[in-house]
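Participant: Once you've had a glance at the structure underneath, I'll fire off some questions.
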Amino acid sequence: MMKSRYTAFCEGNIDYLIATLHPNKRQENDRQELTKTINNTTWLGLTIVDINQGKKNDKIGYVEFMAVFKTTEPQQLHERSRFFKVDGKWFYVDGNILPDLILKSSDNCWCGSGKKYKKCHGN
């Protein structure tokens, strides 16, 4: 579900984003807010950090991810998302924003610059 929602953000598939949002979380202005976000954001990459869902009888699941995006400068979104399973289908409910992931100095930077972390955002 996390990867498909990320793809929907990348492709501007607002209908899918609303359809996979838990019905109790939907707002009248969702379409407008999503349109604004999609028009002002370029998504550059997704890394799944941890998944805690998927067992047959699970009703609640969590996915920790880090997504790189750009509005004016590359930024990192690190979140632990919560999903509910209703009638066999997973829905996004909400998420907790986490501190940026810190890489090792010698790792490639998360922003996609091609530079080592220590010479880019680790500076």
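The values are calculated or read from the model by the stated rules, or taken from the named source; none is laboratory data. These numbers were taken from a predicted model, which means no experiment stands behind them. Ideal geometry is used to build each Cβ from the backbone, glycine not excepted, and the neighbour counts take in all protein chains shown. Note: areas computed on protein heavy atoms with side chains; ligands, DNA, RNA excluded. Shrake-Rupley method; radii C 1.70, N 1.55, O 1.52, S 1.80 Å.
Participant: Just to be sure I understand the filter: pairs with C-beta atoms under 7 Å, separated by 6 or more residues or on different chains, first member in region 1-24 and under 22 Å from Ile51 (Cα atoms), second member among the small types (Gly, Ala, Ser). Which pairs pass?
Facilitator: Met2/Ser81; Tyr6/Ala67; Tyr16/Ala8; Leu17/Ala8
Participant: Just name the residue that is nearest to Arg26 (Cα to Cα) out of those in region 93-123 that are of a type in the set (D, E, K, R) and in contact with a helix residue (DSSP H, G or I) (Cβ under 9 Å, 6 or more places away or on another chain).
Facilitator: In the first step, residues of region 93-123 are kept if they are of a type in the set (D, E, K, R); the result is 94, 100, 104, 107, 115-116, 118-119.
Filter again for in contact with a helix residue (DSSP H, G or I) (Cβ under 9 Å, 6 or more places away or on another chain), leaving 94, 104, 107.
Details: Asp94: 11, Lys104: 39, Asp107: 39 Å.
Going through the qualifying residues, I end up with Asp94.
Participant: Which one of these is farther than 15 Å from Val93 by Cα, at pLDDT 95 or above and surrounded by fewer than 11 Cβ atoms within 10 Å (Cβ to Cβ): Asn24, Asn29?
Facilitator: Numbers: Asn24 fails: farther than 15 Å from Val93 by Cα.
Exactly one residue qualifies, and that residue is Asn29.
Participant: Here's something else I'd like to know. Condition (residue is assigned to a helix (DSSP H, G or I), in contact (Cβ under 8 Å) with a residue 24 or more places away in the chain and touching a helix residue (DSSP H, G or I) at 6+ places or on another chain (Cβ under 6 Å)) applied to region 26-33: is it met by at least one residue?
Facilitator: If we filter region 26-33 for residues that are assigned to a helix (DSSP H, G or I), which is where we start, we get 30-33.
Among the residues that remain, those that are also in contact (Cβ under 8 Å) with a residue 24 or more places away in the chain are: none.
Scanning region 26-33, I find no residue that is assigned to a helix (DSSP H, G or I), in contact (Cβ under 8 Å) with a residue 24 or more places away in the chain and touching a helix residue (DSSP H, G or I) at 6+ places or on another chain (Cβ under 6 Å), so the answer is no.
Participant: Right, next: Being out of contact with any His (no Cβ under 6 Å at 6 or more places or on another chain), surrounded by 11 or more Cβ atoms within 10 Å (Cβ to Cβ), among the acidic types (Asp, Glu) and free of Cβ contacts under 8 Å to residues at least 24 places away in the same chain: is that true of Glu64 here? If you could, list the steps in order and put the result at the bottom.
Facilitator: Working: out of contact with any His (no Cβ under 6 Å at 6 or more places or on another chain): yes; surrounded by 11 or more Cβ atoms within 10 Å (Cβ to Cβ): yes; among the acidic types (Asp, Glu): yes; free of Cβ contacts under 8 Å to residues at least 24 places away in the same chain: no.
Considered against the rule, which asks whether it is out of contact with any His (no Cβ under 6 Å at 6 or more places or on another chain), surrounded by 11 or more Cβ atoms within 10 Å (Cβ to Cβ), among the acidic types (Asp, Glu) and free of Cβ contacts under 8 Å to residues at least 24 places away in the same chain, Glu64 comes out as no.
Yes/no matrix, rows are residues, columns are (1) of a type in the set (D, E, K, R); (2) in contact with a Leu (Cβ under 7 Å, 6 or more places away or on another chain):
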residue	(1), (2)
Gln32	no, no
Thr72	no, no
Lys89	yes, no
Tyr92	no, yes
Leu98	no, no
Asn108	no, no
Cys111	no, no
Lys115	yes, no
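Participant: Could you go through region 67-90 and let me know if any residue there is touching a helix residue (DSSP H, G or I) at 6+ places or on another chain (Cβ under 6 Å) and modelled with pLDDT of 90 or more.
Facilitator: Yes, region 67-90 has at least one match.
Participant: Looking only at region 39-54, count how many residues are more than 13 Å from the chain's Cα centre (by Cα), closer than 26 Å to Leu101 by Cβ and not in a strand (DSSP E or B).
Facilitator: 3
Participant: Another question, then. I'd like the full set of residues that are within 20 Å of Thr20 (Cα to Cα), open to solvent by 80 Å² or more (accessible area, probe 1.4 Å) and in a strand (DSSP E or B), limited to region 71-123.
Facilitator: Arg80, Lys89, Asn96, Ile97 - these are the residues of region 71-123 that are within 20 Å of Thr20 (Cα to Cα), open to solvent by 80 Å² or more (accessible area, probe 1.4 Å) and in a strand (DSSP E or B).
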